[in-house]
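What follows draws every value from the coordinates through simple rules; no lab data is involved. Remember, predicted model here, so these are calculated numbers, not experimental data. In this analysis, Cβ positions are derived from the backbone assuming ideal geometry, glycine residues included, and neighbour counts consider all displayed protein chains.
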Amino acid sequence: MKYLIKKVLSDATQRLSAQKIDTPRLDAEILLAHVLNCRRLTLYIDSEKILPLEAVLRFNDLINRRLKKIPVAYLTGTKDFMGLTFAVNENVLVPRPDTEILTELVGEFLRERVGGGIFADLGTGSGAIAISILKFVKSARAMAVDISEAALSVAKFNAEKFHVADRIKFLCGDLFAPLEGKIFDAIVSNPPYIPTNELKTLQAEVQREPKLALDGGADGLNFYRRILCDAPRFLVDGGILAVEVGINQSSVVKNLFLATGFVDVEIIKDLSGLERVVAGKFS
């Protein structure tokens, strides 16, 4: 039997579609490109090319795992974010395009600081936010915190990969606990914000991600309260706090900012028009 690229892709797409995978063709292309170590465009240029059996078997194995709702990023071990390809695994949340808004906001603020400033990333996960900021603000420095040692291992790998390890310090602990006595120009966080009782209703792929990175407590706001309670002690005058928020949380979180004494508090929408980020200045 001849395994043409176009036929292998078509068959896999049909299998994924039959199981209600949201983006069957895209997923099939990403996984086959991963197996062949090529760009997706190459799959079209070489659509009549015959694949070796070994490649077909590897690809089918990935498709079978995708049918079990394992995220594509966990199958390839990578995820693109801010134009960079980060290593990811089941110990970290998969970086989302929506979070780029948060990253850009903090990066733009730090560009205006003398010497690039120093910032803290709470719940760094894969390190995508902190490392992206460091890549685009060449003189900035960071301290990145996560409660999971396994997540920090991924973040450290990414820091080495993108040659920013000398400008970032990774600390294991709960939010501000490892940062006592430190002062920052900016604090950024994409904290867990899914209400506990909604976790079981999430998309099957999302349920494969670390619960620690998703569970925001009974109303999804636990981490915002904790962050807002302590943030003023860790910010310079004129420093900013910026956090990602979930659906219908922006107004409540904005009020938490205001109640804590932050000024110039704003809500920023993502590319889909959803209110995604709340940011304010400490003064």
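Observations, loosely collected:
- The residue among VAL8, SER126, SER148 whose Cα reaches farthest toward the positive pole of the charge dipole of the chain, with charges on the beta-carbon of Lys, Arg, Asp and Glu, is VAL8.
- Percent of beta bridges antiparallel (DSSP, the chain, rounded to nearest 5): 45 percent
- Under-5 Å amide H pairs with ALA120, H placed in peptide plane, nonlocal only: MET143, ALA186, ILE187, VAL188
- Amide N proximity, the range 173-198 versus ILE267 label position 7 Å along Cα-to-Cβ, cut-off under 20 Å: 189-195
- Residues listed by number, the range 216-237, amide nitrogen under 16 Å from GLU180 label point at 7 Å toward C-beta: 230-231, 233-234
- GLN19-GLU149 FRET efficiency (beta carbon distance; Förster radius 35 Å; 0.05 resolution): 0.50
- Pairwise Cα inverse-distance average, inverted: Kirkwood Rh of the range 62-156 (Å): 14.0 Å
- Scattering curve values for the chain, log₁₀ I(q)/I(0), Debye with Cα scatterers, q = 0.14 Å⁻¹: -0.99
- Trypsin sites (Lys or Arg not before Pro) within the range 1-86: DSSP coil, no more than 16 neighbouring Cβ in 10 Å: LYS2, LYS20, ARG39, LYS49, LYS68, LYS69
- The modelled label-to-label distance for the pair THR85/GLU160, using points 7 Å beyond Cα in the direction of Cβ, is 1.9 nm.
- For the range 119-274, the number of Lys pairs separated by eight or more positions or lying on different chains, with C-alpha atoms closer than 24 Å, is 16.
- For the range 5-68, the Kirkwood estimate of hydrodynamic radius, built from reciprocal distances between every pair of different alpha carbons, is 11.5 Å.
- Packing-based order for 167-178, 219-230, 261-272, using average beta carbon neighbours within 10 Å, highest first: 219-230, 167-178, 261-272
- One compactness figure for the range 1-150 is 1.29, namely its Cα radius of gyration divided by 2.2 N^0.38 Å.
- Listed values for the range 225-239 are Karplus-derived 3J(HN,Hα) couplings in whole Hz (6.51 cos²θ - 1.76 cosθ + 1.60, θ = phi - 60°), namely 4, 5, 5, 5, 5, 9, 3, x, 6, 10, 10, 6, 4, x, x, and x replaces Gly and Pro.
- Neighbourhood net charge (10 Å Cβ-Cβ; Lys/Arg +1, Asp/Glu -1) for THR85: +1
- Here the Karplus curve 6.51 cos²θ - 1.76 cosθ + 1.60, taken at θ = phi - 60°, turns the phi angles of the range 248-253 into couplings of 6, 10, 4, 5, 5, 5 Hz, with x standing for Gly and Pro.
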